[in-house]
Amino acid sequence: MRLLSLPPVIAVMIIAAAAPAAAAPPPRSVIVVAADGSGDHTTVQDAVDAVPSGNARPVTVLVREGTYKQQVVIPADKPHITLAGDTDDPAKVVLTFDAAATIQRPDGSGPYGTSGSASYVISAPDFTARDLTFENSYDEAANGPSQAVAVRTTGDRQVYDNVRFIGNQDTLYANTESAGATARQYFHDCYVEGDVDFIFGRATAVFDRCVIKALDRGDAANNGYVTAASTEVANPYGFLIHRSHLVSDAPAGTYHLGRPWPAGGSPTARGQVLVRESWLGQQFKDAPWTDMSGLSWRDARLSEYRNHGPGATAGEDRPQLSARDAARLTPHHYLKGRDGWNPVRHHHDRPDPYRLGRETLGEKDGWAAAGTGTTGGSAARPEDVHVVSTRAGLIAALGEPADNRPRIVYVKGVIDADTDAAGNPLTCADYAVGGYSLEAYLAAYDPAVWGRSSPPSGPLEDARRASYNAMSEHVSIAVGSNVTLAGLGATPR
């Protein structure tokens, strides 16, 4: 009986031994972050932590609309991550923190310092971010000036597409892991704002068709510096600002394009910055480069090529490239390295249902482009493209004329400037000042009463002038620089 029962037992044991161990599940290709708990994680750091070290496959961390406040580190051993907002509007996905260099850490270990203040530290190679905002929300106005980094980048082959970088001093720290390392970073269709050295570091960074806004700190003489490159002298490629708009609502002549930063006292740092074919606002000084920490700007590599706009003046303190040299300093040359990396070709202008607003006038294409051409609002970011059909909507879309960032405004139908905020038609009575009325005016200054020998004068004439000025102010709408107004349909006006 035992012999008859033994073979089945042996067979079962053999089958069990031969069964393969369960394979580990492959990493997720899409990880969703949602603050309301509807995704895979509620924080970005948890999603990054879920990506395995040594990751070799593309992984998208998709962040749903909302504001996410925490410091996040994306380490060097987690390549091939795309951090994407779940919307085309980067202002709807905000990744923020409020540390500053002078603030003490909660654990009592001392102040954050400049590097430690970064809301995001991104060291991973082959990283992409798109359609979201990185912010350092430190309140400089309330707490005083301090370095407060929104993003510190150190990885190679990084791409930022339709991304906003918000801060004040030291907003974007485009850097490398060490002085001897190279890190190439491509910023396309991005928005960067700040005041002091708000694009700085030793990375090779290309800003292609970006809007770079210098904030007004209220200083009548010196509001700040856009760049502070610390490019090592052995690296020919530092920062390239290419076909971008450098805008500001700061007073004229109160900003520098940049100064060379000898990071950590490096004796071999010779910042390299080229601003080419870009629109420069009124904020820039006629001598836009200056010294820093004992390093003369003339010993660095700071230059321009074919810029335009009110801030693009000429002079001996503004080195200009020749066409021959400029041909060797394109986005492709900056980024190709030894491996031929070329992200530029993969990032064209995003689709726009109203292409007219993106059109430009080339050099000498009519009287409006007699010089280097006219770009209007063609570089407008998604949040600065509007369709309006009322006077109030038009004024809101145009914004303050002094804030000269690019805007595209499409007018749909007929806009009557002689209307109130609700669109109701206005009459003379609505503009009346000082008791003015047309009937009383006509009666008082009828030639049969006033005569013909002297022009009208007195309280009623003063009231008429004041009423006219009120009407003129209401129906006149100021349009600033870098604006494209375009009509939609058959009857826009």
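The values are calculated or read from the model by the stated rules, or taken from the named source; none is laboratory data. These numbers were taken from a predicted model, which means no experiment stands behind them. Neighbour counts are summed over all protein chains in view; Cβ atoms, including those assigned to glycine, are modelled from backbone coordinates with ideal geometry.
Points to keep in mind about this one:
- Filter result (of a type in the set (Gly, Ala, Ser) and either surrounded by fewer than 24 Cβ atoms within 10 Å (Cβ to Cβ) or farther than 17 Å from residue 287 by Cα (or both)) within segment 220-252: 220, 221, 224, 229, 230, 234, 238, 244, 248, 252
- When residues in segment 207-219 are screened for being of a type in the set (A, V, I, L, M) and either farther than 28 Å from residue 482 by Cβ or surrounded by fewer than 24 Cβ atoms within 10 Å (Cβ to Cβ) (or both), 2 of them pass.
- Residues satisfying the stated conditions in segment 82-91, i.e. within 11 Å of residue 127 (Cα to Cα) and touching a Pro at 6+ places or on another chain (Cβ under 8 Å): 82
- Residue 315 being surrounded by fewer than 15 Cβ atoms within 10 Å (Cβ to Cβ), under 27 Å from residue 482 (Cβ atoms) and in the same structural domain as residue 278 (by TED's automatic domain parsing): yes
- Subset of segment 95-121 [of a type outside the set (Phe, Trp, Tyr), surrounded by 24 or more Cβ atoms within 10 Å (Cβ to Cβ) and closer than 16 Å to residue 192 by Cβ]: 95, 118, 119
- Members of segment 283-306 that are without any contact (Cβ under 8 Å) to a residue 40 or more places away in the chain and assigned to a loop (DSSP other than H, G, I, E, B): 285, 286, 287, 288, 291, 293, 294, 296
- Answer residue from segment 355-387, given it is under 13 Å from residue 245 (Cβ atoms) and in a loop (DSSP other than H, G, I, E, B) and is modelled with the lowest pLDDT among those: 360
- Members of segment 167-195 that are aliphatic (A, V, I, L, M) and surrounded by fewer than 24 Cβ atoms within 10 Å (Cβ to Cβ): 179, 181, 183
- Counted residues, segment 205-251 - those being under 21 Å from residue 168 (Cβ atoms), in contact (Cβ under 8 Å) with a residue 12 or more places away in the chain, of a type in the set (Gly, Ala, Ser) and assigned to a loop (DSSP other than H, G, I, E, B): 5
- Residues located in segment 182-223, provided they are modelled with pLDDT of 95 or more, among the basic types (Lys, Arg) and more than 21 Å from residue 136 (Cβ to Cβ): 184
- The number of residues in segment 108-157 that are out of contact with any His (no Cβ under 6 Å at 6 or more places or on another chain) and in a loop (DSSP other than H, G, I, E, B) comes to 25.
- Scanning segment 40-83 for residues that are touching a Gly at 6+ places or on another chain (Cβ under 9 Å), part of a loop (DSSP other than H, G, I, E, B) and either at pLDDT below 95 or within 18 Å of residue 130 (Cα to Cα) (or both) yields 64, 65, 78, 79.
- Residue match in segment 318-328 (condition: more than 19 Å from residue 233 (Cα to Cα), assigned to a loop (DSSP other than H, G, I, E, B) and under 24 Å from the mean Cα position of the chain (by Cα)): no
- Answer from 415, 395 - the residue that is in contact (Cβ under 8 Å) with a residue 24 or more places away in the chain and in contact with a Ser or Thr (Cβ under 9 Å, 6 or more places away or on another chain): 415
- Considering residues of segment 160-204 that are β-branched (Val, Ile, Thr), in a strand (DSSP E or B) and out of contact with any helix residue (DSSP H, G or I) (no Cβ under 8 Å at 6 or more places or on another chain) only, the residue farthest from residue 67 (Cα to Cα): 196
- Every pair of residues 6+ apart whose Cβ atoms lie under 7 Å, when the first sits in segment 424-438 and is surrounded by 15 or more Cβ atoms within 10 Å (Cβ to Cβ) while the second is basic (Lys, Arg): 436/464
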